[in-house]
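K.L.:
Before I ask anything, here is the structure I am working with.
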Amino acid sequence: MGKVIVVTSGKGGVGKTTSSAALGAALAQRNEKVAVVDFDVGLRNLDLVMGAERRVVYDIVNVINGDAKLPQALIRDKRLDTLFLLPASQTRDKDALTEEGVERVIAELKKYFDWVICDSPAGIEKGATLAMRHADVAVVVTNPEVSSVRDSDRIIGMLDSKTLKAENGERMEKHLLLTRYDSNRAERGDMLKVDDVLEILSIPLLGIVPESMDVLKASNVGAPVTLADTRSAPAQAYFEAARRLAGEAIPVTIPGEKRGIFGKLFGRKAA
Amino acid sequence: MTKVLTDARSIRIKGRSFLAVVLSPDLPLDQWLVRLDDLASRSAGFFLDRPVVLDVSELSIKKAELKQLIDDLAERKVRIMGIEGARPSQLTPEMPPAMKGGKPAADVEVTARESDPEAEAESEAVEQTPIKQVEAQQIRAITQSLVIDEPVRSGQSIIFPEGDITIVGSVASGAEVIAGGSIHIYGTLRGRAMAGSIGNTNARIFCRRLEAELIAIDGIYKMAEDMDSSLRGHAVQLSLEGDTIMADILF
């Protein structure tokens, strides 16, 4: 049975979709079967970031409504055999998702894939709650600024109360992924420091992704940053985060500071 | 000659209140004693370890009769700690002291356990005799507490009108904690904390680090901008003095 990861944040524009695609591609490069599911019905973007926008025939709403079978809707990545995308519908809205439908789709995906990555929409409404509902692990994407941190805090509260795991009295495993981190601005005090964010959110750190033009470039060419330029700093950060998700204990390096020996070793291996 | 006080320390005399059981016998005394025996047989050990006051204000008896009554009670293992409502002429120095100024409390219920005579073993009966003491219950209610072992997240609200709240973790911006008693936060208070919400002026708020948006005690509140900026970031205790919230930096 695969692991279900929800990538969530509360606030929009912090990098959920970028991170979902990048983590998906990074895990798939470990030869593990990965499905990335877009829950942002009505505002789908994941297909663009993964370069599959012209290959979408059926989507998650079709699968939920029974118009299409799951294998028909899944799109295999052209570069990685083990990476699949289940796109969202662009012409519908979040109400098209039903709780039973989502449960059925997730259960089926878990049978075939090692990882099911749910890209949550922004907000705390139906789309976001359904994306987190069946998750085993949550990746909370946060930018180092106060409004993003507060929204993430709200989402962590919901992960601890509104998910199936929480309702069964279990603890949801939560990880913080700090994105768009600029060490110079953090040093000047224009941004929250890593320690401040960790102190407020008090969940373990999965990784720090530096602010970089490489992320934008990758999006524009329709490739996850971990496929477009594997040697770039954000790609390295996502590779490390993926290894931590898979259970490896490697220390987190703060971008701008000297990179640890593990980062160097891994950098060579991935290239 | 004046006495020279060599030790400057004075003896501290404190007041304390206990809840006593009051027995009010009526005439004729022998019949009352029979009813007392009956009560004692149904609830063995009820008078053991319990302060008992004898109220004789409704009883017109002589000194000798009162002495006999005390002896009769002693025979039944009921020890009298004081006598209420007795005339000075009724009392002798050997008798328990006269007591005044008692405040009425709720009736003490003695439940019958006739159905199961074997279970009336003394020790068990003492344990199981349910006693309804309104005052004691109120005291217990106030000391009730709720302990939360994780941070209180933005958007969450913890409401506990029954007593104190202790949070081992931080209270996030946009979260609120409302307690009938005091609030103890072993972390940073960034959200709102409202103590003494059911009208408890003695309630306090403690936090390891004050960054609060709003604090309130017994309905009197202070916004972040009204707070002394020197308190920010410190371990602080907040209490109410009259209609003013007082803050002390701890440590």
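K.L.:
Which condition does A:L86 not pass, out of (1) more than 19 Å from A:L130 (Cβ to Cβ); (2) among the aliphatic types (A, V, I, L, M); (3) at pLDDT 95 or above, if it passes all the others?
P.N.:
That leaves (1) as the condition not met.
K.L.:
Another question, if that's okay. Which one of these is farther than 24 Å from A:R244 by Cβ, of a type in the set (K, R) and over 19 Å from the mean Cα position of the chain (by Cα): A:R171, A:R92? Full working, then the answer.
P.N.:
Details: A:R171 fails: farther than 24 Å from A:R244 by Cβ.
Exactly one of A:R171, A:R92 is farther than 24 Å from A:R244 by Cβ, of a type in the set (K, R) and over 19 Å from the mean Cα position of the chain (by Cα), namely A:R92.
K.L.:
Show the residue pairs meeting these rules: Cβ distance below 9 Å; 6+ apart or different chains; first residue within segment A:192-210 and within 12 Å of chain B (Cβ to nearest Cβ) and farther than 20 Å from A:E240 by Cβ; second residue buried (at least 17 other Cβ atoms within 10 Å of the Cβ) and acidic (D, E).
P.N.:
Hits for this filter: A:I200/A:D153.
K.L.:
With the requirement that a residue be within 22 Å of B:P88 (Cα to Cα) and among the hydroxyl-bearing types (S, T, Y), what does segment B:28-76 give you?
P.N.:
Of everything in segment B:28-76, those that are within 22 Å of B:P88 (Cα to Cα) and among the hydroxyl-bearing types (S, T, Y) turn out to be B:S57, B:S60.
K.L.:
Any residue at all in segment B:13-35 that is loosely packed, with under 10 Cβ neighbours inside 10 Å, modelled with pLDDT under 80 and among the hydrophobic types (A, V, I, L, M, F, W, C)?
P.N.:
yes
K.L.:
Looking only at segment A:211-229, count how many residues are in a loop (DSSP other than H, G, I, E, B), under 25 Å from A:L85 (Cβ atoms) and free of Cβ contacts under 8 Å to residues at least 60 places away in the same chain. Walk me through how you get there before you give the answer.
P.N.:
The first filter runs over segment A:211-229 and keeps only residues in a loop (DSSP other than H, G, I, E, B), leaving A:211-212, A:221-224, A:229.
If we keep only those that are under 25 Å from A:L85 (Cβ atoms) too, we end up with A:212, A:221-224, A:229.
Applying the additional criterion that residues be free of Cβ contacts under 8 Å to residues at least 60 places away in the same chain yields A:212, A:229.
Matching residues across segment A:211-229 total 2.
K.L.:
Looking at segment B:155-168, which of its residues are of a type in the set (A, V, I, L, M) and within 14 Å of chain A (Cβ to nearest Cβ)?
P.N.:
From segment B:155-168, those of a type in the set (A, V, I, L, M) are B:158-159, B:165, B:167-168; that's our starting set.
Passing the criteria: B:I158, B:I167, B:V168.
Per-residue answers, yes or no, for (1) aliphatic (A, V, I, L, M); (2) within 14 Å of chain B (Cβ to nearest Cβ); (3) surrounded by fewer than 23 Cβ atoms within 10 Å (Cβ to Cβ); (4) over 17 Å from the mean Cα position of the chain (by Cα):
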site: A:K110; (1), (2), (3), (4): no, no, yes, no
site: A:I117; (1), (2), (3), (4): yes, no, no, no
site: A:D136; (1), (2), (3), (4): no, no, yes, no
site: A:V141; (1), (2), (3), (4): yes, no, no, no
site: A:D182; (1), (2), (3), (4): no, no, yes, yes
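K.L.:
What about B:E150, is it surrounded by fewer than 20 Cβ atoms within 10 Å (Cβ to Cβ), assigned by TED's automatic domain parsing to the domain that holds B:C207, under 25 Å from the mean Cα position of the chain (by Cα) and acidic (D, E)? Even if it seems obvious, please write down each step before you answer.
P.N.:
Working: surrounded by fewer than 20 Cβ atoms within 10 Å (Cβ to Cβ): yes; assigned by TED's automatic domain parsing to the domain that holds B:C207: yes; under 25 Å from the mean Cα position of the chain (by Cα): no; acidic (D, E): yes.
It is false that B:E150 is surrounded by fewer than 20 Cβ atoms within 10 Å (Cβ to Cβ), assigned by TED's automatic domain parsing to the domain that holds B:C207, under 25 Å from the mean Cα position of the chain (by Cα) and acidic (D, E).
K.L.:
For B:G191, only one of the following conditions fails: (1) in contact (Cβ under 8 Å) with a residue 24 or more places away in the chain; (2) small (G, A, S); (3) within 12 Å of chain A (Cβ to nearest Cβ); (4) out of contact with any Ser or Thr (no Cβ under 6 Å at 6 or more places or on another chain). What is its number?
P.N.:
In the conditions (1) in contact (Cβ under 8 Å) with a residue 24 or more places away in the chain; (2) small (G, A, S); (3) within 12 Å of chain A (Cβ to nearest Cβ); (4) out of contact with any Ser or Thr (no Cβ under 6 Å at 6 or more places or on another chain), B:G191 misses (4) alone.
K.L.:
Ok, one more. Would you point out which residue out of A:I155, A:I124 is part of a loop (DSSP other than H, G, I, E, B), within 14 Å of chain B (Cβ to nearest Cβ) and aliphatic (A, V, I, L, M)? Reasoning before the result, please.
P.N.:
Working: A:I155 fails: part of a loop (DSSP other than H, G, I, E, B).
On inspection, the qualifying residue turns out to be A:I124.
K.L.:
Separate question: Which pairs do you get when a residue that is loosely packed, with under 15 Cβ neighbours inside 10 Å, found in segment B:77-96, comes within reach of a residue that is among the aliphatic types (A, V, I, L, M), reach meaning Cβ atoms under 6 angstrom, with the pair 6+ apart or on two chains?
P.N.:
The qualifying pairs do not exist here.
K.L.:
Working only within segment A:143-155, note down all residues that are under 18 Å from A:M172 (Cα atoms) and among the polar types (S, T, N, Q).
P.N.:
Passing the criteria: only A:S152.
K.L.:
I'd like the residue in segment B:169-185 that is surrounded by fewer than 24 Cβ atoms within 10 Å (Cβ to Cβ) and under 18 Å from A:D153 (Cα atoms) and, out of all such residues, is farthest from the other protein chains (Cβ to nearest Cβ).
P.N.:
Taking segment B:169-185 as the starting set, the residues that turn out to be surrounded by fewer than 24 Cβ atoms within 10 Å (Cβ to Cβ) are B:169, B:173-174, B:176, B:178, B:180, B:182, B:184.
With the extra rule that they be under 18 Å from A:D153 (Cα atoms), the set shrinks to B:169, B:173-174, B:176.
Working: B:G169: 7, B:S173: 5, B:G174: 6, B:E176: 12 Å.
Applying the filter and picking the extreme gives B:E176.
The values are calculated or read from the model by the stated rules, or taken from the named source; none is laboratory data. Being a predicted model, the structure only gives us computed values, none of them experimental. Here the Cβ is made from the backbone with ideal geometry for all residues, glycine too, and neighbour counts use every protein chain on show.
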